[in-house]
Amino acid sequence: RNFLLLLGGLAMLAITSLKLTSLVLLIGPLVLLPIIAFGRKVRRLSRTSQDRIADISAYAGESLNAISTVQAFTHETLHRSRFDTAAEGAFAIAVRRIRTRAWLTALVMLLVFGAVGAIMWIGGKDVLAGRMTGGTLTAFVFYAVVTAGAAGALSEVWSEIQRAAGA
């Protein structure tokens, strides 16, 4: 259903303004490529962060289960030091993941709003030059919003499919 809505939205965009639709189709991949690349880095860091947290949990569980042995050999300080090192490593990875995620969010906002602004600016110039009416530009914006919503829904479905395949 979302795929048909996306195709219908693209068709209506093309009917409304072929020039602006061409710009959307040209700018779209230029906006998506850096987002996809950054998203992969965030996903990789998320996986590494979860692995480090699992390592800490496993180490703590093993140490607590064998606490009498650890105490018998007076290794409390050694185990505490190893746990501290593992916890600091996990924290450092988590900070890198959060920073990368923040940069991704900023990049998405900059690229998407920049692209929307550029297309609206070109459309506005066409309205001022008399090549397009204000109503046509408004219709184009409405169809673009509908199309973007359908594309967003499709991307959510695709991410759920990937998550299920990975499980």
- Can LEU33 be described as farther than 20 Å from PHE142 by Cα, without any contact (Cβ under 8 Å) to a residue 24 or more places away in the chain and open to solvent by 40 Å² or more (accessible area, probe 1.4 Å)? yes
- Task: May I ask you to list the residues in the range 90-149 that are exposed (fewer than 15 other Cβ atoms within 10 Å of the Cβ), part of a helix (DSSP H, G or I) and of a type in the set (S, T, N, Q)?
- Result: THR105, THR138
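The values are calculated or read from the model by the stated rules, or taken from the named source; none is laboratory data. In this text the structure is predicted, and so the values were computed from the model without any measurement. Here Cβ is always computed from backbone atoms with ideal geometry, including for glycine, and neighbour counts include all displayed protein chains. When the accessible area is computed, the model is the full protein with side chains, heavy atoms only, and any ligands, DNA or RNA have been set aside. Shrake-Rupley method; radii C 1.70, N 1.55, O 1.52, S 1.80 Å.
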